[in-house]
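Bear in mind that the values in this text are calculations on the coordinates, not laboratory data. Everything numeric in this text was worked out from a predicted model, so none of it was measured. Ideal geometry is used to build each Cβ from the backbone, glycine not excepted, and the neighbour counts take in all protein chains shown.
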Amino acid sequence: MVCSVTVTVTEAHRTIDAVWRIESAKLIAALVRVVRDVGLAEELAQDALVAALEQWPSSGVPSNPGAWLMTIAKRRAIDHFRHQKMAQRKHEEVALDLDTTQEAIEVEPDEVPDDLLRLIFTACHPVLPTQSRVALTLRLLGGLSTEEVARAFLVPEATVAQRIVRAKRTLATTKVPYEVPVGDELSDRLGSVLEVVYLIFNEGYSATAGEDWMRPALCADAIRLGRILAGLAPREPEVFGLVALMELQASRARARVTPEGEPIRLMDQNRAKWDRLLIGHGLAALARAEELSAEPGPYTLQAAIAACHARAGAPEDTDWPRIAALYGELARVTPSPVVELNRAVAVSMAAGPEAALPLVDALGAEPALSRYHLLPTVRGDLLARVGRFAEAETEFTRAAELTRNERERAVLHAKAAEAAARASTP
Amino acid sequence: MKFMVLVKADEATESGVMPTEQELAEMGKFNEELVKAGVMLTGEGLLPSSKGVRLRYSDEGTTVIDGPFAESKELIAGFWILEVSSREEVVEWMKRAPFRDTTIEIRQVASEEDFGDALRPELREQEARLREQSAQRAR
């Protein structure tokens, strides 16, 4: 029956999607090494995918799908080079290279893990604009289609397609070498990779209820990329720091919004809903990061802060002095007024509002925070706690003017009114 | 999405026959592959049911029954929890597991959406209670 055939084809396509998720990055990574061009390597991999889509629904999924895809892609590569009428010598070189690759891949598929690492560093190369790095990373390493990337980032598919085309062209024209950077260059380049992964995570984390499921799925994609990276670079503390940070943040995903989709503050979350398995993973990754480095970097420090919350069974068990100290460290490593503001909040929890007020007052002149509603919100809270209600009212009113969130504005207006009422009753 | 992979027990696992060195090495390699691909959350092997215990709840009270348990096909010898992008993906991964004569069962771990509206009124109440408590603490 037509109907059952359709179902089978759809099922086969889902299976091919799954195989693609598992195999595509390794496939592309090996192909780039052979053909020395990211764009061409991806086209060849796509050709192999198309062949799978044509053949597997009737022939079934081969027992070693990765090797099958590689064989097709290599054949297409040879066709391509023939078609290009390349110089005989160059052609032989390539053919030879292809043979060696075939051996390498068929005998020990995981013996060239550096290929994957090379591909990650290439996709996240600083020569590319950030948005292109993100799109290329999700496509080449996450196995996402252009359409999926577009849906996840709420941009038109054509925009993503163009970003990817341009990125590949830039990589080709600037002759970015296909290698894992070493020495001083490594830490810079790794920073770019981690930035891309964390950007993907945050895009998913900022998704709101009712949005396309592709958006929250970005969190899982980013964590997976982070874990792959940790397997490939097992001596890099910040890789583990980032994995820990993402896992600890993601552990609260179920607890951080109401069924209506309104955000719940960390201190008000139902901790029974935090994902214990992810917390365990995150704490283990953090321990590894701390073990690898005596001088924790920004991701490790943020993960350590998240871990203080994860370890606290109840809000009142939170180790605020440690969080305040960690924010102090973070401010030293990556100075930022937002970090300072967070430190002030931690100090207020650890040592009371009097200790925190001078820190917040010092931020009043900070141009970066002049339109940031959380500065007057925090200051208003601290002022109210020390009984300076008239000043607190002014701050809450200002915060209400600055926020873009309607619900938050209502809360701030209510706080302003309460402060006003208490100011007038001595 | 998360899946639990249940490895069914058989006579060998129930009689406490431990895997051979080669089987352990193959399984170690497979697990390493899962970890490197970023999909493995956890995985463990279980001791025979002779070391296990059952609790049976009923109106008459709770009965504690020590193992072993007879129906070995119903028993579990090990498990994984994997985080993947689809049901098909976990199937593709598990096709690569170095089993010879074994049955495994793959079950999706329920997420909040799967409980639907049934959980919501109670949840809402619980959330409200928690928020009230923390508001009181803050004062």
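Taking Cα atoms, how many degrees apart are the long axis of helix A:353-362 and the longest axis of chain A, rounded to 10 and kept between 0 and 90?
60
Rounded if a/c is under 1.5, else prolate if a/b beats b/c, else oblate: with a ≥ b ≥ c from the C-alpha gyration tensor eigenvalues square-rooted, which is the range A:296-370?
oblate
Return a whole-number percent for the relative contact order of the range A:344-387, with Cα pairs under 8 Å and 6 or more residues apart as the contact set.
40
Check which residues have an amide H placed less than 5 Å from B:ALA77's amide H, if you skip close sequence neighbours.
Under 5 Å from the amide H of B:ALA77: B:VAL7, B:LYS8, B:ALA9.
With a cut-off of 8 Å between alpha carbons and a minimum separation of six or more residues, what is the relative contact order of chain A in percent?
For chain A, the relative contact order is 9 percent.
I need the per residue convex hull volume for the range A:314-426, using only the alpha carbons, in cubic angstrom as a whole number.
With only Cα atoms used, the range A:314-426 gives 115 Å³ per residue.
Rounded to the nearest 500 deg cm²/dmol, what is the calculated helix-only ellipticity per residue at 222 nm for the protein assembly as shown, with -39500 (n - 2.57) per DSSP H run of length n ≥ 4?
Value at 222 nm, helices only: -21000 deg cm²/dmol.
Quick one: angle between helix A:2-35 and the longest Cα principal axis of chain A, in degrees between 0 and 90, rounded to 10, please.
90
Say each of A:SER187 and A:ALA314 gets a label point 7 Å from the Cα, pointing the same way as Cα to Cβ; how far apart are those two points in nm?
Rounded to a tenth, the inter-label distance reads 4.4 nm.
Starting from the Cα-Cα distance between B:LYS73 and B:MET1, subtract it from 0.36 nm times their residue separation and give me the gain in nm to one decimal.
Taking 0.36 nm per residue and subtracting the Cα distance, the gain is 23.2 nm.
List the residues whose amide H sits under 5 Å from the amide H of B:GLY43, counting only those 5 or more places along or on another chain, with H placed 1.01 Å from N in the peptide plane.
Close amide H contacts, sequence-distant or interchain: B:ILE81.
Size of chain A along its principal axes in angstrom, Cα-based, largest extent first?
92, 59, 37
Which pairs, out of B:LYS2/B:LYS95; A:LYS273/B:LYS95; B:LYS2/B:LYS36; A:LYS26/A:LYS168; A:LYS26/A:LYS175; A:LYS74/A:LYS175, put more than 25 Å between their alpha-carbon atoms? Before the final figure, lay out the partial values.
Numbers: B:LYS2/B:LYS95 17 Å; A:LYS273/B:LYS95 33 Å; B:LYS2/B:LYS36 17 Å; A:LYS26/A:LYS168 18 Å; A:LYS26/A:LYS175 22 Å; A:LYS74/A:LYS175 22 Å.
In this structure, A:LYS273/B:LYS95 exceed 25 Å between Cα atoms.
Report ³J(HN,Hα) in whole Hz for each residue of the range A:172-177, in order, from the Karplus equation J = 6.51 cos²θ - 1.76 cosθ + 1.60 where θ = phi - 60°; Gly and Pro get x.
For the range A:172-177, the Karplus curve yields 6, 6, 8, 6, 4, x Hz.
If you plug each phi of the range B:28-36 into the Karplus form 6.51 cos²θ - 1.76 cosθ + 1.60 with θ = phi - 60°, what whole-Hz ³J(HN,Hα) values come out, in order, with x for Gly and Pro?
The phi angles translate into x, 5, 4, 4, 4, 4, 5, 5, 5 Hz.
Hey, what angle do you get for helix A:130-140 against the long axis of chain A, alpha-carbon based, 0 to 90 degrees rounded to 10?
With both axes taken from Cα atoms, the answer is about 50 degrees.
Taking neighbour counts of Cβ atoms within 10 Å as a proxy for exposure, in what order, fewest first, do A:HIS309, A:HIS80 appear?
A:HIS80, A:HIS309
May I have the pair-distance distribution P(r) for the range A:132-268, computed from all Cα-Cα distances with 10 Å bins from 0 and rounded to whole percent?
Each 10 Å bin holds this share of Cα pairs: 11, 37, 33, 15, 4, 0.
What's the exposure ranking of A:HIS125, A:HIS413, A:HIS83, going from fewest to most Cβ atoms within 10 Å?
The fewest-first ordering by Cβ neighbours comes to A:HIS83, A:HIS413, A:HIS125.
I need B:ILE65, A:ILE228, B:ILE81, A:ILE16 ordered by Cβ neighbour count within 10 Å, fewest first.
B:ILE65, B:ILE81, A:ILE16, A:ILE228
Enumerate the calculated ³J(HN,Hα) couplings along the range A:315-331 in order (Karplus 6.51 cos²θ - 1.76 cosθ + 1.60, θ = phi - 60°), each rounded to whole Hz, writing x wherever the residue is Gly or Pro.
Coupling constants for the range A:315-331: x, 6, 7, 4, 7, 5, x, 5, 4, 4, 5, 5, 5, x, 4, 4, 5 Hz.
Let me have the relative contact order for the range A:214-272, percent, based on Cα pairs under 8 Å that are six or more residues apart.
22
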